[in-house]
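Provided herewith is a single structure, encoded as structure tokens, for subsequent inquiry.
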Amino acid sequence: MNPFSEAFELLTSGDLYVWEVILRSLRISGLALFMAVIIGLPIGAAIGLSRFRYRRSVVALMNTGLALPPVVVGLAVFLMLSRSGPLGGLELLYSPTAVILAQAVIERWEPPRCRRPCFSSARCERLWWPQLQQGSERSSARSVP
């Protein structure tokens with residue numbers, strides 16, 4: 001049987017187990033995204049709106065976090081939550097809470113990276129907009145209709 005038709009049949013069959021799995025996946029991913037935004041939005045706002053001594057290093061660290069493979073981050077979370085890890089006493093390993101935590105840690109780098117330019121755009125627009133307009137006028141004068 002074709003896997004796509006089998007998946008469509010499972011979705012349209014009304015099987016409660018399938019819908020329970022779908023809703024649990026959506027809940028876990030939604031909570032992880034919410035946690036990542038709650039953590040990342042203030043970080044992005046702080047970095048975008050303020051100037052401080054090691055700002056470029058912090059931005060470079062955020063960009064490096066984006067380059068880490070999710071498997072490496074997941075392994076680090078696994079080691080933290082395993083019985084011999086520092087959070088092993090919480091016994092969260094292989095629970096939905098651990099999955100939410102792992103996804104939030106993996107997604108945490110994206111909101112500050114996306115929000116930093118948004119928060120600093122007013123400053124950039126004020127500083128660079130006249131130069132950008134002059135550059136676009138020059139390029140439009142060179143273009144052939």
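The values are calculated or read from the model by the stated rules, or taken from the named source; none is laboratory data. Given the structure is predicted, the values throughout are model-derived calculations rather than measurements. A quick note on method: Cβ atoms are made from the backbone with ideal geometry, for glycine too, and the neighbour counts reach across all protein chains shown.
Taking Arg51 and the conditions (1) part of a helix (DSSP H, G or I); (2) out of contact with any Leu (no Cβ under 9 Å at 6 or more places or on another chain); (3) not aliphatic (A, V, I, L, M), which numbered condition does it fall short on, given that it satisfies the others?
(1)
Of everything in region 1-56 that's among the charged types (D, E, K, R) and farther than 25 Å from Val105 by Cβ, which residue is modelled with the lowest pLDDT? Break it down stepwise before answering.
Taking region 1-56 and keeping what is among the charged types (D, E, K, R), we get 6, 9, 15, 20, 24, 27, 51, 53, 55-56.
Right, trim to farther than 25 Å from Val105 by Cβ and you get 6, 9, 15, 20, 51, 53.
Numbers: Glu6: 90, Glu9: 90, Asp15: 88, Glu20: 93, Arg51: 82, Arg53: 89.
Out of the qualifying residues, it is Arg51.
Out of all the residues in region 1-54, which are among the hydrophobic types (A, V, I, L, M, F, W, C), touching a residue at least 60 places away in the same chain (Cβ under 8 Å) and over 28 Å from Ala98 (Cα atoms)? First the steps, then the outcome.
Step one: list which residues in region 1-54 are among the hydrophobic types (A, V, I, L, M, F, W, C), which gives 1, 4, 7-8, 10-11, 16, 18-19, 21-23, 26, 28, 31-39, 41, 43, 45-47, 49, 52.
Of the ones still in play, those that are also touching a residue at least 60 places away in the same chain (Cβ under 8 Å) are 28, 31-33, 35-37, 39, 41, 43, 45, 47, 49.
Hits for region 1-54 are Ile47, Leu49.
Scan region 76-94 and tell me whether some residue there is part of a helix (DSSP H, G or I), among the β-branched types (Val, Ile, Thr) and without any contact (Cβ under 8 Å) to a residue 12 or more places away in the chain. Working first, answer last.
Taking region 76-94 first, the residues part of a helix (DSSP H, G or I) are 76-81, 88-90.
From what's left, among the β-branched types (Val, Ile, Thr): 77.
Remaining after also requiring without any contact (Cβ under 8 Å) to a residue 12 or more places away in the chain: none.
No; the residues of region 76-94 include none that is part of a helix (DSSP H, G or I), among the β-branched types (Val, Ile, Thr) and without any contact (Cβ under 8 Å) to a residue 12 or more places away in the chain.
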